[in-house]
Amino acid sequence: MAAREPAVKVAGRVSIAAAATWLPPGRSHAHDAVRAGVLTDLDSRESICREVPVADGLAAWEMASRASAAALSDARVPASEVDLLGYAGMSATEEEPASPAHRLARVVGVEQGVAVGVTQMSSGGDAGLHAAIATMLVEPDTRNALVCTGMNTDELPYDRWRTGPEVVLGDGGTAVLLCRDRGPLRVRSLSRSGCAELEATFPRFHPFRPIPAASGSGTGLFDLVKNAGLMRATVVRAVTRALADADLAEVDRIKAVYVPRIRPRTTAQVIRAALPEVVHDRLVLTGQGTGHLGPGDTLANLTELVADDRLAEGDTALLIGLGAGFTASALVVERG
């Protein structure tokens, strides 16, 4: 018997009170990568972005702390009232201190809340959201949960544009504050699906070590063509369960589908083809100024969704997350 997809039928019992993205001021530009021979003109044109933020010495957890402070300020919730802090970080070098989640809790001011760290590559932020939402549903005393991410590729042993154009790595921090009874968005459901078979080929090399000489560059690094079918099927499973748990028989209520900050061609092959046809024209491509924020893509997309007026009251949005290994997530939120 096939395994059931892990899912949380939230039914609006948890709300997104605030979301924030913090980007460092430094920038890496596509035209410089083209001049250096790292990126071709064609790849540059097909990339989602022309520039990406660069950490410039800031640790991943430090950028997460700045995003967290912004989210707490926006929601007007004191850090001392956060009962759970979840942190997902990605860094090209080992993070200091040994437990950045606990350092974050102290710096942000989470006095007695529990700090939890997640190490799961690009699906780390989605895993943090899942853990926080599930905890709030089963622990009545967990009133507020803060989920944050940090990405630092300063010490990447190759040019950040060379992993692309499927993925161009950008640095930054993101944060989402979850509450029970306040916020512009209510969580309807969250589902995840895995495909362990892809662990052997996606990615083909350690993302923070030198690229093997035989690997070349571009899509060949990720065996995208070979793996697209398995990735697409994984997305289908996550989306199908999320929509069912959100009681969305009328898929037309989904007004926007936010996708990871990767190449549009990859989005079309892996995500768009996995969605109900009625929402194919509702994909929202983000990341033009950030690139891929590692574990932070979904949280950064929530920041944009909270800030804009794309959803009227009662409308829903679907947010897709992807992470090598391979994990797909589907989050359904409703404007309250």
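The values are calculated or read from the model by the stated rules, or taken from the named source; none is laboratory data. All values derive from a computational prediction rather than experimental measurement. Here the Cβ is made from the backbone with ideal geometry for all residues, glycine too, and neighbour counts use every protein chain on show. Ligands, DNA and RNA are excluded from the accessible area calculation, which covers all protein heavy atoms including side chains. Shrake-Rupley method; radii C 1.70, N 1.55, O 1.52, S 1.80 Å.
Tabulated data
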| quantity | calculated |
| --- | --- |
| Index of the failed condition, Phe205 passing every other in (1) farther than 21 Å from Glu313 by Cβ; (2) in contact (Cβ under 8 Å) with a residue 24 or more places away in the chain | (2) |
| Qualifying residue in the stretch 263-274 (condition: surrounded by 23 or more Cβ atoms within 10 Å (Cβ to Cβ), of a type in the set (D, E, K, R) and outside any loop (DSSP other than H, G, I, E, B)) | no |
| Whichever residue in the stretch 213-260 is outside any helix (DSSP H, G or I) and of a type in the set (Ser, Thr, Tyr) and, among such residues, is modelled with the highest pLDDT | Tyr258 |
| Whichever residue in the stretch 54-64 is modelled with pLDDT of 95 or more and surrounded by fewer than 24 Cβ atoms within 10 Å (Cβ to Cβ) and, among such residues, is farthest from Ala92 (Cα to Cα) | Glu62 |
| The listed residue being of a type in the set (D, E, K, R) and in contact with a Cys (Cβ under 8 Å, 6 or more places away or on another chain), out of Arg162, Arg143 | Arg143 |
| Residue satisfying condition, being open to solvent by less than 60 Å² (accessible area, probe 1.4 Å) and closer than 21 Å to Asp141 by Cβ, within set Leu84, Leu104, Leu39 | Leu84 |
| Residue identified as surrounded by fewer than 18 Cβ atoms within 10 Å (Cβ to Cβ) and without any contact (Cβ under 8 Å) to a residue 12 or more places away in the chain among Ala98, Ala11 | Ala98 |
| Residues that are of a type outside the set (Ser, Thr, Tyr), closer than 30 Å to Ala115 by Cα and either open to solvent by 10 Å² or more (accessible area, probe 1.4 Å) or in a loop (DSSP other than H, G, I, E, B) (or both), drawn from the stretch 136-166 | Leu137, Val138, Glu139, Pro140, Asp141, Arg143, Asn144, Asn152, Asp154, Glu155, Leu156 |
| Helices (runs of 4 or more DSSP H) completely within the stretch 8-79 that count 3 or more residues being of a type in the set (Asp, Glu) and farther than 29 Å from Arg188 by Cα | 41-46 |
| Pick from the stretch 275-299, criterion hydrophobic (A, V, I, L, M, F, W, C) and part of a helix (DSSP H, G or I), ranking: farthest from Ser123 (Cα to Cα) | Val278 |
| Among (1) modelled with pLDDT under 95; (2) of a type outside the set (D, E, K, R); (3) open to solvent by less than 60 Å² (accessible area, probe 1.4 Å), the one test that Gln120 misses | (3) |
| Answer from Asp315, Asp308 - the residue that is surrounded by fewer than 20 Cβ atoms within 10 Å (Cβ to Cβ), on the phi < 0 side of the Ramachandran plot and within 19 Å of the chain's Cα centre (by Cα) | Asp308 |
| Meets criteria (touching a strand residue (DSSP E or B) at 6+ places or on another chain (Cβ under 7 Å), over 25 Å from Asp43 (Cα atoms) and in contact (Cβ under 8 Å) with a residue 60 or more places away in the chain) for Leu331 | yes |
| Residue check for Leu302: in a helix (DSSP H, G or I) and at pLDDT 95 or above | yes |
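One line per residue, one yes/no per condition, for (1) aliphatic (A, V, I, L, M); (2) closer than 26 Å to Arg204 by Cβ; (3) modelled with pLDDT of 95 or more:
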{"residue": "Thr267", "(1), (2), (3)": "no, yes, no"}
{"residue": "Arg272", "(1), (2), (3)": "no, yes, yes"}
{"residue": "Arg282", "(1), (2), (3)": "no, no, yes"}
{"residue": "Thr290", "(1), (2), (3)": "no, yes, yes"}
{"residue": "Gly294", "(1), (2), (3)": "no, yes, yes"}
{"residue": "Thr298", "(1), (2), (3)": "no, yes, yes"}
{"residue": "Ala328", "(1), (2), (3)": "yes, yes, yes"}
{"residue": "Leu331", "(1), (2), (3)": "yes, no, yes"}
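To keep it simple, each residue is scored yes or no on (1) over 27 Å from Leu243 (Cβ atoms); (2) among the basic types (Lys, Arg); (3) touching an Asp or Glu at 6+ places or on another chain (Cβ under 7 Å).
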{"position": "Ala131", "(1), (2), (3)": "no, no, no"}
{"position": "Val138", "(1), (2), (3)": "no, no, no"}
{"position": "Cys148", "(1), (2), (3)": "yes, no, no"}
{"position": "Asn152", "(1), (2), (3)": "yes, no, yes"}
{"position": "Val187", "(1), (2), (3)": "no, no, no"}
{"position": "Ser191", "(1), (2), (3)": "no, no, yes"}
{"position": "Ala196", "(1), (2), (3)": "no, no, no"}
